[in-house]
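Asks: Following this message is one structure expressed as structure tokens.
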Amino acid sequence: MVGGRALLPLLLLSALLVQIRASDPLFYEPFDESFEGRWVLSGKDDYKGVWKHEKSDGHEDYGLLVSEKAKKYAIIKELDEPVALKDGTVVLQFEVRLQNGLECGGAYLKYIRPQDAAWDAKEFDNETPYTIMFGPDKCGSTNKVHFILKHKNPKTGKYVEHHLKFPPSVPYDKLSHVYTAILKPDNEVRILVDGEEKKKANFLSADDFEPSLIPSKTIPDPDDKKPEDWDERAKIPDPDAVKPDDWDEDAPMEIEDEEATKPEGWLDDEPEEIDDPEANKPEDWDDEEDGEWEAPKIDNPKCEEAPGCGEWKRPMKQNPAYKGKWHAPLIDNPNYKGIWKPQEIPNPEYFELDKPDSDPIAAIGIEIWTMQDGILFDNILIADDEKVASSILEKTWKPKYEVEKEKEKAEEAAAGADGLSEFQKKIFDVLYKLADIPFLEPYKTKIIVIICDFFVFKALTDVIEKGEKQPNITIGILVSIIVVFVTVLFKILFGGKKPAAPVKPVAEVKKPKATESDAAGSSGDKEDEKEEEEKEGAAAPRRRSRRET
């Protein structure tokens, strides 16, 4: 009995130690101290970007900083023990602050699988095999929080990258954000941004990963060839059709309108332009060097009050006899066999799977190529308990984020119309979420381009700012934005051809004004023009334009 009493405290202490151990992170890097000596820089020549141990702007908290623009970076930290991904919950979490924004570059982490015994961490580069790649990536039409699993096919021994479909977008600001991936033993994976769930998926679902972790049972036979007599044309020109005798293929599309009459008050003898009566010959004009001076032209004021000036010509109208090129009408093809497809055969790479057979994580690496500096990584975590990740998020990220958010609001208030307002950013976020809707994925590139172009116009910026100051018109602004967005989106989804531009009457056709781009020309054109001018200058004195003043 006494022995049992003595054993009870030991059991309680053991249970307490197990509980404490279970709540500890498997790996945690807060960068409170310098990374030098603990993280290994890649020794490859491509990676010239300089990493720094720096404070986050406005905080006393340190992080790992990308300090230079347009460089490649690579750094790695080997774990004391590999982290298995097969049996229990694994939480991958880290913090990133894009202090100068992110126009083109990555800010993701690579979770490296075990390497050969002879492998040196200084050899870390983009070819180093990983198990998971996770984090933000933004450039051009790419705007996503990557989640990629590299999984080994047990039949072939080859590793295949499986990309999460429809991942969330990268937050559009310069604040600190926390990215979390929670891998569950029931094959569920959840992606969180700032502790809020943005995506839930299943590793074994073909709807969630591309390509699917489990290959299809059958594949098209690569040796199957389409027969030469296979006809895929559903419609063919009617071989018995004959062009009608009255079909004139040479009739013009437009003819003069013989019924048109000259408008009353047309000024036949008045030119459209006249010499500017207020223009004076420049004092430094030399007739011998510059030629005879002519006043610049202006629009004839008499023409503004009249229907028109100059020689009147009948306008053109559509030719009722025009039929265009004759083509035989289409009929159903009697030999149509449908679209040919190769026959299906059993997939030699097919295998069944209850859960991913993922390689463990042996190291954490950052290998990126970015056009921006100021990217700050912090609080990199691997845990086997969601509560641990949530607790660290609350203690380390949330206080900083709240300070940054208040500072951002103050800067916006001070900047006024010079920057994007909080209201605009909310609209921006809504439109990005629309672009993330799964069935719109094929059109995501175009939608994001629309979003970017949409907010370029200063006029819209002014309207939105007025909406903030006058709540009664805010709803109207929102409705207008939605109507424009839906209209453009409808055009993207369902297309539509532009109508042919009407041919202007001869009398209305004027010589188009040169655009700014035409005037600028290509660099090659400019060089040719310059060379031509130099040749002319050597042969004859310079002449000024008749319009030059």
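The values are calculated or read from the model by the stated rules, or taken from the named source; none is laboratory data. Please read these numbers as outputs of a predicted model, since none were measured by experiment. Cβ coordinates were reconstructed from backbone atoms using ideal geometry, including for glycine residues, and neighbour counts include every protein chain displayed. All accessible areas refer to the heavy atoms of the entire protein, side chains included, with ligands and DNA or RNA removed. Shrake-Rupley method; radii C 1.70, N 1.55, O 1.52, S 1.80 Å.
Asks: Among the numbered criteria (1) under 30 Å from residue 354 (Cα atoms); (2) loosely packed, with under 14 Cβ neighbours inside 10 Å, which one does residue 214 miss?
Replies: Here residue 214 meets the rest and fails (2).
Asks: Same structure, new question: From the list 433, 426, which residue is touching a Ser or Thr at 6+ places or on another chain (Cβ under 8 Å), open to solvent by 50 Å² or more (accessible area, probe 1.4 Å), in a helix (DSSP H, G or I) and at pLDDT below 95?
Replies: Working: 426 fails: touching a Ser or Thr at 6+ places or on another chain (Cβ under 8 Å).
Testing whether each residue is touching a Ser or Thr at 6+ places or on another chain (Cβ under 8 Å), open to solvent by 50 Å² or more (accessible area, probe 1.4 Å), in a helix (DSSP H, G or I) and at pLDDT below 95 leaves just 433.
Asks: For residue 357, state whether it is modelled with pLDDT of 90 or more, within 29 Å of residue 92 (Cβ to Cβ) and open to solvent by 60 Å² or more (accessible area, probe 1.4 Å). Spell out how you get there, then give the answer.
Replies: Values: modelled with pLDDT of 90 or more: yes; within 29 Å of residue 92 (Cβ to Cβ): yes; open to solvent by 60 Å² or more (accessible area, probe 1.4 Å): yes.
In short, yes.
Asks: Separate question: Where residues in region 131-143 are touching a strand residue (DSSP E or B) at 6+ places or on another chain (Cβ under 6 Å) and open to solvent by 10 Å² or more (accessible area, probe 1.4 Å), which of them is farthest from residue 101 (Cα to Cα)? Full working, then the answer.
Replies: Residues of region 131-143 that are touching a strand residue (DSSP E or B) at 6+ places or on another chain (Cβ under 6 Å), as a first pass: 131-137, 139.
Checking which are open to solvent by 10 Å² or more (accessible area, probe 1.4 Å) leaves us with 133, 137, 139.
On the way: 133: 21, 137: 12, 139: 12 Å.
Result: 133.
Asks: I've got another one for you. Taking into account only those residues within region 103-130 that are of a type in the set (Ser, Thr, Tyr) and part of a strand (DSSP E or B), which is surrounded by the fewest Cβ atoms within 10 Å (Cβ to Cβ)? Walk me through how you get there before you give the answer.
Replies: Going residue by residue through region 103-130, those that are of a type in the set (Ser, Thr, Tyr) are 108, 111, 128, 130.
Narrowing the set further to residues that are part of a strand (DSSP E or B) leaves 111, 130.
On the way: 111: 26, 130: 24.
Ranking the candidates gives 130 first.
Asks: Also: Scanning region 196-205 for residues that are without any contact (Cβ under 8 Å) to a residue 24 or more places away in the chain and touching a strand residue (DSSP E or B) at 6+ places or on another chain (Cβ under 9 Å), which turns out nearest to residue 346 (Cα to Cα)? Give the derivation first.
Replies: So the first thing to find is which residues in region 196-205 are without any contact (Cβ under 8 Å) to a residue 24 or more places away in the chain, and the list is 196-197, 200, 202, 205.
Narrowing further to those that are touching a strand residue (DSSP E or B) at 6+ places or on another chain (Cβ under 9 Å): 197, 200, 202.
Values: 197: 39, 200: 32, 202: 25 Å.
Checking each candidate, the answer is 202.
Asks: Would you confirm whether or not region 85-96 contains a residue that is assigned to a strand (DSSP E or B), of a type in the set (A, V, I, L, M), open to solvent by 30 Å² or more (accessible area, probe 1.4 Å) and closer than 24 Å to residue 146 by Cβ? Talk me through it step by step, then tell me what you get.
Replies: To start, the set of residues in region 85-96 that are assigned to a strand (DSSP E or B) comprises 90-96.
In the following step, the residues that additionally are of a type in the set (A, V, I, L, M) were identified as 90-92, 96.
Restricting the remaining residues to those that are open to solvent by 30 Å² or more (accessible area, probe 1.4 Å) gives none.
Scanning region 85-96 turns up no residue that is assigned to a strand (DSSP E or B), of a type in the set (A, V, I, L, M), open to solvent by 30 Å² or more (accessible area, probe 1.4 Å) and closer than 24 Å to residue 146 by Cβ.
This table checks each residue for (1) modelled with pLDDT of 95 or more; (2) open to solvent by less than 60 Å² (accessible area, probe 1.4 Å); (3) part of a loop (DSSP other than H, G, I, E, B); (4) out of contact with any strand residue (DSSP E or B) (no Cβ under 6 Å at 6 or more places or on another chain).
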| position | (1), (2), (3), (4) |
| --- | --- |
| 167 | yes, yes, yes, no |
| 172 | no, no, yes, yes |
| 207 | yes, no, yes, yes |
| 230 | yes, no, yes, yes |
| 255 | no, yes, no, yes |
| 258 | no, no, yes, yes |
| 262 | no, no, yes, yes |
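Asks: Within the bounds of region 4-11, is there any residue that is charged (D, E, K, R), modelled with pLDDT under 95, open to solvent by 70 Å² or more (accessible area, probe 1.4 Å) and outside the structural domain of residue 136 (by the TED database)? Give the steps one after another, and end with the answer.
Replies: Quick first cut of region 4-11, residues charged (D, E, K, R) only: 5.
Of the ones still in play, those that are also modelled with pLDDT under 95 are 5.
Of the ones still in play, those that are also open to solvent by 70 Å² or more (accessible area, probe 1.4 Å) are 5.
Subsequent filtering for residues that are outside the structural domain of residue 136 (by the TED database) retains 5.
Yes: one or more hits.
Asks: In region 297-315, is there at least one residue being open to solvent by less than 100 Å² (accessible area, probe 1.4 Å), among the charged types (D, E, K, R) and either assigned to a loop (DSSP other than H, G, I, E, B) or in the same structural domain as residue 74 (by the TED database) (or both)? Break it down stepwise before answering.
Replies: Of all residues in region 297-315, those open to solvent by less than 100 Å² (accessible area, probe 1.4 Å) come to 297-298, 300-301, 303, 306-310, 312-315.
Next, from what is left, pick out any that are among the charged types (D, E, K, R): 297, 313-314.
Applying the additional criterion that residues be either assigned to a loop (DSSP other than H, G, I, E, B) or in the same structural domain as residue 74 (by the TED database) (or both) yields 313-314.
Checking region 297-315: at least one residue is open to solvent by less than 100 Å² (accessible area, probe 1.4 Å), among the charged types (D, E, K, R) and either assigned to a loop (DSSP other than H, G, I, E, B) or in the same structural domain as residue 74 (by the TED database) (or both).
Asks: What is the residue count in region 320-334 for residues that are in contact (Cβ under 8 Å) with a residue 24 or more places away in the chain and open to solvent by 100 Å² or more (accessible area, probe 1.4 Å)? Give the steps one after another, and end with the answer.
Replies: Going through region 320-334, the residues in contact (Cβ under 8 Å) with a residue 24 or more places away in the chain turn out to be 321-333.
Adding the requirement that they be open to solvent by 100 Å² or more (accessible area, probe 1.4 Å) leaves 325, 327, 330, 332.
So the count comes out to 4.
Asks: I'm told residue 374 meets every condition in (1) touching a Phe, Trp or Tyr at 6+ places or on another chain (Cβ under 9 Å); (2) open to solvent by less than 30 Å² (accessible area, probe 1.4 Å) except one. Can you identify the failing condition by its number?
Replies: Exception for residue 374: condition (1).
Asks: Report, ordered by the first and then the second residue, all pairs with beta carbons closer than 8 Å, sequence separation of six or more or different chains, a first member in region 70-81 that is acidic (Asp, Glu), and a second member that is open to solvent by less than 10 Å² (accessible area, probe 1.4 Å).
Replies: Correct list of pairs: 78/121; 78/363.
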